[in-house]
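The values are calculated or read from the model by the stated rules, or taken from the named source; none is laboratory data. On a predicted model such as this, the values are computed, not experimentally measured, just so you know. So basically every Cβ, Gly included, is an ideal-geometry build from the backbone, and we count neighbours across all protein chains shown. The protein model used for the area step is the full one, side chains on, heavy atoms only, and it has no ligands, DNA or RNA in it. Shrake-Rupley method; radii C 1.70, N 1.55, O 1.52, S 1.80 Å.
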Amino acid sequence: MENNMESDDEILIKGRKYDYSLPKFRYINIVLAFIFLDGIVSMVLWLCGGDSDYFIDSIASYDLKHSTFDLALLACVKVIVIAPTVTYLEYVTLKQINHPEMTHLRKTSGFLHFVMITLSLLAISFSVVKGGLILYALMHEGTYQHMHPTYNALLISAVVFSLIEFILAVLGFYSMRRLKKIRILHLYNDDGVEVDKDGKPVQKNVDLIRLMSLAKPELPLILFATFCLFVTSGSQMLAPLFFGKVVDSAKKGMDELNRTVLTLFIIYVFGAVFSLARSWLFTLAGQRVVARLRKRLFLSIIKQDVAFFDTNRTGELCNRLSSDTQVLQNAVTVNISMLSRYLLQMIGSLILMFTLNAKLTGVLLAVVPIVSICAVQYGMFMKKLSKQFQDRLGEAGTEAEESLSSIRTVRTFSAENKACDIYNKYIDKSYNVGKKLAAAGGIFEGGVGILVSGAITLVLWYGGKLVHENYADPTKGITPGILTAFLLYTLQVAMAFALMSSLYGDFMRAVGASIRVFDLLDKKPEVYCENGERLVDFDGCIEYKNVDFTYPSRPETQVVKNVNLTVEPGQMVALVGPSGGGKSTLVNLLERFYDPDSGSIYLGGVNLKDLDPKWFRQCMSMVSQEPTLFACSIKDNIAYGKNATLDEIIAVAKEANAHEFISTFEDGYDTLVGERGVRLSGGQKQRVAIARALIMDPKILLLDEATSALDAESEHLVQEAIDRAMKGRTIIVIAHRLSTVRDASKVVVIDKGQIVEVGTHDELLCANGVYKKLVLRQLTAGNIVEKLINDDNGNNDDDDAPLVDI
Ligand SMILES: Nc1ncnc2c1ncn2[C@@H]1O[C@H](COP(=O)(O)OP(=O)(O)OP(=O)(O)O)[C@@H](O)[C@H]1O
């Protein structure tokens with residue numbers, strides 16, 4: 001059976017990296033949960049049962065039948081000894097599974113088992129013997145005093161927990177053997193990204209520890225801030241003590257009162273100064289974390305494959321960058337600061353309260369487990385809701401971004417209301433989730449509030465009773481000053497506890513929001529890589545060999561089918577064919593925006609996949625139909641791909657017929673072009689884009705000729721610039737003009753993803769095939785078909801008529 005499993009693993013992991021993890025719900029965690037629960041319950045029951053005097057007496061004059069601290073101690077010993085033993089046992093067993101040849105591990109695990117069973121046997125024997133003796137004393141010794149009810153509960157819990165732990169220790173043999181079966185296999189691809197059996201990336205779970213790790217570089221800052229926090233919390237914890245002293249010193253005279261009040265004031269000032277530093281440093285750390293996170297996230301997004309952007313909308317990605325990271329900023333810094341502050345405040349206050357009166361402290365602690373269980377449930381709920389909320393918000397952001405960036409189209413169709421309706425729909429969806437978030441927050445905080453106020457009322461009542469006893473007999477009970485101090489501490493603890501619970505909700509909300517952020521950070525692009533071969537004497541030769549391709553976002557349609565095409569250095573190849581045939585896709589594959597499903601593309605005889613993408617992208621420039629300019633100056637747009645001097649920029653602008661119109665602008669090359677170049681005309685934009693391509697001095701020029709008619713003058717200028725740019729380069733042009741195909745070394749007709757005809761313009765016209773039909777269909781309107789076909793030299797005035805734009 002075990003051998004079978006191993007061979008299954010081997011099949012699964014063939015050629016891939018792998019490791020294992022263990023499920024959270026497993027033997028060791030159950031044992032640890034019981035041991036820690038035992039520890040907490042025992043300590044609380046012990047603390048609830050007596051006052052400080054009793055604790056000291058019961059330790060100093062230990063008696064098996066009367067003292068109970070031994071049971072609390074036993075629970076602590078179990079936490080200290082059995083918990084590490086069982087953890088180590090699991091570690092050794094796992095090592096044994098991975099290295100069966102290490103036979104000595106078997107002995108170690110046997111010994112650890114023995115220790116566990118012996119310790120739990122001793123624990124159960126001790127508690128049963130103690131319980132038996134107490135029972136015997138109760139029945140037979142008339143002088144035996146009944147124990148406090150909480151001590152009876154402590155004894156019962158010690159027996160029950162020890163019994164459970166003994167059973168678990170015995171079951172350990174069986175459970176450890178199951179580790180091999182229950183472990184979870186994780187596979188990784190070459191980039192180290194976890195994938196499933198089919199090779200698809202696995203969505204990772206995000207936890208608080210991962211969230212916290214974001215703030216690792218800020219550790220020194222956070223540590224210093226934490227130091228300030230300690231001082232602030234210390235001063236806050238001392239304050240109630242002095243409040244109590246002020247109450248009691250009023251009896252002793254003005255000198256004592258003045259001194260105490262002055263000390264209290266100094267404590268407050270001291271605390272305020274450190275509180276200032278604490279708040280400043282934590283916020284600074286938060287700002288740093290979020291700035292770094294945004295940079296990392298943007299880098300990760302911008303390096304993604306082009307295919308990624310086919311399925312992810314820009315607005316949503318921008319939302320991750322802004323709003324999700326903001327939620328994380330608070331979680332990893334300010335919230336940590338607050339959490340540690342409240343935690344410290346709570347622990348410190350509890351210790352001080354314990355020294356003031358242990359019994360009263362015990363009453364307060366009884367509420368803790370109930371609130372903790374509620375908080376965990378609430379946190380999980382908040383995490384889910386928060387993710388939903390961020391997703392809805394992301395969708396709304398995407399809609400807004402799309403409408404605003406296409407404002408001209410919106411205005412043309414008077415679609416403002418429609419855009420608003422769509423946006424409102426998404427905002428309503430987010431609001432609906434937001435309503436649930438608000439209700440959940442309110443109910444939880446209210447619930448915690450009720451529990452905490454109940455505990456405070458109980459403490460107040462019991463404290464009042466003790467003060468009453470003190471009035472009757474000053475050796476008993478507590479003074480009003482101690483009760484004042486105790487109550488202030490109680491309020492501090494209650495406040496800290498309530499705020500900590502709501503912080504837990506915030507953390508879970510941050511975990512929810514961070515799921516997408518970590519997804520993006522973990523996602524490694526398939527195509528993007530920064531190393532590879534760089535060809536020294538690249539001549540511009542391009543070769544497509546048996547290329548098949550399907551867009552990942554539309555897997556059901558194969559767009560390129562078995563394409564074989566060679567473009568010799570210096571040749572101009574014109575791609576023509578019906579719209580949607582796959583011309584642009586072939587150019588996309590050459591830029592390695594996508595990788596072919598099968599077959600390969602070669603540059604200078606080397607597979608594109610083996611070349612450095614940075615290098616080959618510098619070797620080719622693309623001028624598209626509708627060039628996208630950036631919202632910066634003309635100069636910066638031209639020099640986008642290369643750090644160029646102004647002289648170089650002017651030289652290429654002249655070559656691209658752009659210098660003249662740029663010179664007419666008041667700011668010349670510093671003129672800002674607006675978002676996507678809206679402040680330039682279509683022809684001007686194209687000429688700037690040609691200059692931007694030329695500055696790279698590319699070996700290969702990829703052209704997508706404009707189909708939209710520019711006015712005659714600017715069309716002439718653009719065409720002239722393109723003609724000039726083509727000289728001395730390898731060109732692939734998605735052709736729409738007769739003049740272009742006429743001059744092409746080779747015309748390639750592409751239909752439904754396949755090359756259907758190849759030849760020169762004249763050869764293809766003679767062949768009477770698809771190309772001729774395309775030409776005829778396009779040019780009949782101009783009534784020049786006859787002229788074109790009969791004109792051997794091809795010199796006619798209608799050369800610039802659009803050719804194939806179906
Ligand atoms: N990013 C994409 N995701 C999915 N499908 C796409 C994508 N881009 C293009 N397509 C599809 O691939 C097919 C080929 O498109 P392509 O743009 O290569 O055609 P084309 O010949 O250049 O057309 P045109 O001359 O109209 O520009 C079309 O059916 C198109 O719908």
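Applying a threshold of 8 Å to beta carbon distances and a minimum spacing of six or more residues, or different chains, the list of pairs starting in the range 476-500 at a residue that is at positive phi and ending at one that is among the aliphatic types (A, V, I, L, M) and surrounded by fewer than 23 Cβ atoms within 10 Å (Cβ to Cβ) reads G477/L466; G477/V467. For L364, the stated conditions do not hold, so it cannot be described as away from the ligand (no atom under 16 Å from the Cβ), modelled with pLDDT of 75 or more and on the phi < 0 side of the Ramachandran plot.
Residue count for the range 118-147 satisfying the condition of being surrounded by fewer than 17 Cβ atoms within 10 Å (Cβ to Cβ) and within 54 Å of the chain's Cα centre (by Cα): 6. When G512 is tested against the conditions (1) within 35 Å of the chain's Cα centre (by Cα); (2) surrounded by fewer than 21 Cβ atoms within 10 Å (Cβ to Cβ), the lone failure is (2).
Number of residues in the range 294-353 that are within 16 Å of the ligand (Cβ to nearest atom), charged (D, E, K, R) and touching a helix residue (DSSP H, G or I) at 6+ places or on another chain (Cβ under 8 Å) equals 1. Any residue in the range 247-273 that's closer than 23 Å to V467 by Cβ: show its pairings with residues that are open to solvent by 100 Å² or more (accessible area, probe 1.4 Å) at Cβ separation under 6 Å, as long as the two are six or more apart or on different chains. Every condition considered, the pairs that remain are T260/K245. Within the range 588-617, the residues that satisfy the criterion of being within 16 Å of the ligand (Cβ to nearest atom) and under 34 Å from the mean Cα position of the chain (by Cα) are N588, L589, L590, E591, R592, F593, Y594, D595, P596, D597.
Among the residues of the range 675-692, those that are of a type in the set (G, A, S) and either surrounded by fewer than 13 Cβ atoms within 10 Å (Cβ to Cβ) or outside any loop (DSSP other than H, G, I, E, B) (or both) comprise G677, G682, G683, A689, A691. Consider the range 694-722 and keep the residues that are more than 49 Å from the chain's Cα centre (by Cα) and charged (D, E, K, R). The one that is modelled with the lowest pLDDT is D711.
Okay, residues lined up against (1) within 19 Å of L219 (Cα to Cα); (2) buried (at least 16 other Cβ atoms within 10 Å of the Cβ); (3) not aliphatic (A, V, I, L, M):
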{"residue": "L238", "(1), (2), (3)": "no, yes, no"}
{"residue": "D248", "(1), (2), (3)": "no, yes, yes"}
{"residue": "K252", "(1), (2), (3)": "no, no, yes"}
{"residue": "V289", "(1), (2), (3)": "yes, yes, no"}
{"residue": "R292", "(1), (2), (3)": "yes, no, yes"}
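If the condition is being outside any strand (DSSP E or B), away from the ligand (no atom under 12 Å from the Cβ) and either in contact with a Gly (Cβ under 9 Å, 6 or more places away or on another chain) or within 22 Å of L701 (Cβ to Cβ) (or both), then the range 732-764 contributes L738, S739, T740, V741, R742, D743, A744, S745, T760, H761, D762. Just to be sure, is F242 in contact with a Leu (Cβ under 6 Å, 6 or more places away or on another chain) and open to solvent by 20 Å² or more (accessible area, probe 1.4 Å)? For F242, the condition - in contact with a Leu (Cβ under 6 Å, 6 or more places away or on another chain) and open to solvent by 20 Å² or more (accessible area, probe 1.4 Å) - is met.
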